[in-house]
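The values are calculated or read from the model by the stated rules, or taken from the named source; none is laboratory data. What you see is a predicted model; the values in this text were computed from it and never measured. Note that each Cβ is placed from the backbone with ideal geometry, even for glycine, and that neighbours are counted across all protein chains shown.
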Amino acid sequence: MTKLIIQKSGFGCTLQDLGRFDYGGIGLTTGGVADKVAYYWANRILGNQTNASLIEVTIGGMVMVAKGNLTLCITGADVAVTVNDKPVRMWSSFHVRSDDVIRLGHSQTGMRIYVGIAGGIICDKQFGSVSTVVREGVGGLNGCQLQQGEQLTVAEQHIELQGLPFKKVPRYSQSVILRYVPSYQYQQFSHQQISTFEQQVYQVTEQSDRMGYRLLGNAMNDIPNDLVSEGICLGAIQIPPDGQPIVLLNDRQTLGGYPKLGAVLSLDIYKLAQCRAKAKIKFEPLSQQEALLRVREFWLQQQNTMLMKVVS
Amino acid sequence: MQIQLAETAHWQIMVASENAIILYIKNTDSQSISQVAGLTHRIKLYQQQWHLVRLLPSYQSLLIEFDILQTDHHKVTEQISQLLNEPIDSDSNSGKNIELPIYYGLEVAPDLSRIAEHAQMTTDDVIKMHQQQKYHVYAIGFAPGFAYLGYVDNQIAMPRHETPRANVAQGSLGIADRQTAVYPMASPGGWNIIGRCPTKLFQPNHQPIMPFAVGDTVSFYAVERDEFLRLGGQL
């Protein structure tokens, strides 16, 4: 059986796919990859199915050992990747043989790195998805982060190597503009509150994770606080009474009772998910029609981007 | 910015995000929950056909997320609006009652005195008042196994914390306005915590995975520290 052994899990890594969508009614969150663009490229470069499971690594510092012949591709935040101490390129596939040691360095600029394997990782789905949500204890191998010594069953696949042209590789910045669709309770906020929100630069706080990013700036005052709990979508901007926004990500609660003034465009949520504490954030409104066009246009561009053959 | 997408006699449809709309019941009453449940069931029949990826019902609202590459806000709004013109069967589960043990010791109840002070009552009276009634399960959400229960007596109602706590312990029993609930797992949260429940409320590998469903009722009874620990509670 072909395996990938986790020798060091670094700052934490989980199995993820696109997420879990059918169990919101009993309170299960979606989970799923936080940076869907990096995930898309890992699977596309490997010729995988669009919902293949892979490893999402936080910051890096991970070491893996192959048992069998595999083809891998690493995307996401920039890290040094080596196979038996020889550097390999990110955003390109590469072959490894049995006993090869794959090391990820530490990212200096981004937050999340994706380790894709041709053929995907073989793992039972729970509630329809492999995605690990540690808070719920659902998904992955047993609802937890991957531990040192754990063995992942993978497909033995030796496929032709290819890569994303350098010019097309996403760049992660620690200064991001989040476009957002005004929605939910937007109309209950005053012009004064909205202008406080849109005109300042917020900072990402340490209390930010796959559930949500808490931001810090000049507080908005007099936040309405009598809302009956309701469904929360990806990117929702929640304003608790302290007036500091929380942008909700993949592991968000399904229902919540703090008012929301809109939802961040998915494409910008993927950028936010690559931000660390102290990153600078600014908000810019756009209509839902524009948002829809931007998202459709973006994915069409990605699909039309040609990969390059890589000589091994 | 145009946020409202449509309005009927009983419903309002609003934008939620680039790929989501939210339906609100306009005149809310005790039937709202079963109205939302009835509508959710009906929409489920068309879920694939209309490219709807996720439905999140709550007390008075239904969030609908759709596949942005296949459909849009206006198309989904139009399809849903047609359903709203027909009478909706209320979907109500007559329900069973679940009794949950609670340890109300101050070591696990950081907000008990705050509520007592606010209500001008002793902490014992707050606890008694909280135990006095059977609560209805109005929604399950926030986290798996988190049942929104209502309604606590007005005297012990208390708004959420201004800043949600980064970590609320597993089993914590909270109050937010007139709602009450037990956190099935440790998580961030803004509710006022008045005790802790040792019973596991979400067990993904067991059947049933949670003890209650919308339409059931829940009542609470006090246990001492020793009993709480014996039942598997963690301090």
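I'd like to know if the range A:127-148 contains one or more residues that are out of contact with any Gly (no Cβ under 8 Å at 6 or more places or on another chain), within 23 Å of A:Lys67 (Cα to Cα) and not in a loop (DSSP other than H, G, I, E, B). No, that holds for no residue.
Does A:Gln126 satisfy being at pLDDT 95 or above, of a type outside the set (A, V, I, L, M, F, W, C) and closer than 25 Å to A:Pro87 by Cα? It is false that A:Gln126 is at pLDDT 95 or above, of a type outside the set (A, V, I, L, M, F, W, C) and closer than 25 Å to A:Pro87 by Cα.
Within the range A:155-174, the set of residues being outside any loop (DSSP other than H, G, I, E, B) and within 22 Å of the chain's Cα centre (by Cα) comprises A:Gly163, A:Phe166, A:Lys167, A:Lys168.
For the range B:18-41, residues that are without any contact (Cβ under 8 Å) to a residue 40 or more places away in the chain, outside any loop (DSSP other than H, G, I, E, B) and over 18 Å from B:Gln79 (Cβ atoms) total 2.
Taking the conditions exactly as written (modelled with pLDDT under 95, part of a helix (DSSP H, G or I) and assigned by TED's automatic domain parsing to the domain that holds A:Gln108), does A:Gly10 satisfy them or not? Against the criterion (modelled with pLDDT under 95, part of a helix (DSSP H, G or I) and assigned by TED's automatic domain parsing to the domain that holds A:Gln108), A:Gly10 does not qualify. Taking the range A:56-72 as the range and being buried (at least 21 other Cβ atoms within 10 Å of the Cβ) and touching a residue at least 60 places away in the same chain (Cβ under 8 Å) as the test, the residues that pass are A:Met64, A:Ala66, A:Leu70, A:Thr71.
If I filter the range B:42-64 for residues that are closer than 28 Å to A:Gly19 by Cα, more than 9 Å from chain A (Cβ to nearest Cβ), touching a residue at least 60 places away in the same chain (Cβ under 8 Å) and buried (at least 16 other Cβ atoms within 10 Å of the Cβ), do I get at least one hit? The answer is no; no qualifying residue exists. Here is the figure for the range A:237-254: residues that are in contact with a Leu (Cβ under 9 Å, 6 or more places away or on another chain) and either at pLDDT below 95 or within 7 Å of chain B (Cβ to nearest Cβ) (or both) total 1.
For the range A:255-269, the condition of being away from chain B (no Cβ under 13 Å) and out of contact with any His (no Cβ under 8 Å at 6 or more places or on another chain) holds for none of the residues.
Within the range A:1-55, the set of residues being in contact with a Lys or Arg (Cβ under 6 Å, 6 or more places away or on another chain), buried (at least 21 other Cβ atoms within 10 Å of the Cβ) and farther than 17 Å from A:Thr254 by Cβ comprises A:Ala34, A:Asp35.
Report whether or not B:Met185 is within 11 Å of chain A (Cβ to nearest Cβ), in a loop (DSSP other than H, G, I, E, B) and over 22 Å from B:Asn97 (Cβ atoms). Yes; evaluated as a whole, the condition is true for this residue.
Considering B:Gln203, B:Gln170, the condition of being of a type in the set (S, T, N, Q), closer than 14 Å to B:Ala109 by Cα and part of a loop (DSSP other than H, G, I, E, B) is satisfied by B:Gln170 alone.
List, please: which pairs have Cβ atoms under 6 Å, are six or more places apart or on different chains, and start with a residue in the range A:73-85 that is assigned by TED's automatic domain parsing to the domain that holds A:Ser53 and end with one that is surrounded by fewer than 17 Cβ atoms within 10 Å (Cβ to Cβ) and modelled with pLDDT under 95? Partner pairs satisfying both residue conditions: A:Asp78/A:Thr109.
Here the range A:112-125 is the region considered, the condition is being over 19 Å from the mean Cα position of the chain (by Cα) and in contact (Cβ under 8 Å) with a residue 40 or more places away in the chain, and the residue that is nearest to A:Gly27 (Cα to Cα) is A:Cys123.
Go through the range A:274-288 residue by residue and tally those that are within 14 Å of chain B (Cβ to nearest Cβ) and in contact with a helix residue (DSSP H, G or I) (Cβ under 8 Å, 6 or more places away or on another chain). Summing the residues that are within 14 Å of chain B (Cβ to nearest Cβ) and in contact with a helix residue (DSSP H, G or I) (Cβ under 8 Å, 6 or more places away or on another chain) in the range A:274-288 gives 5.
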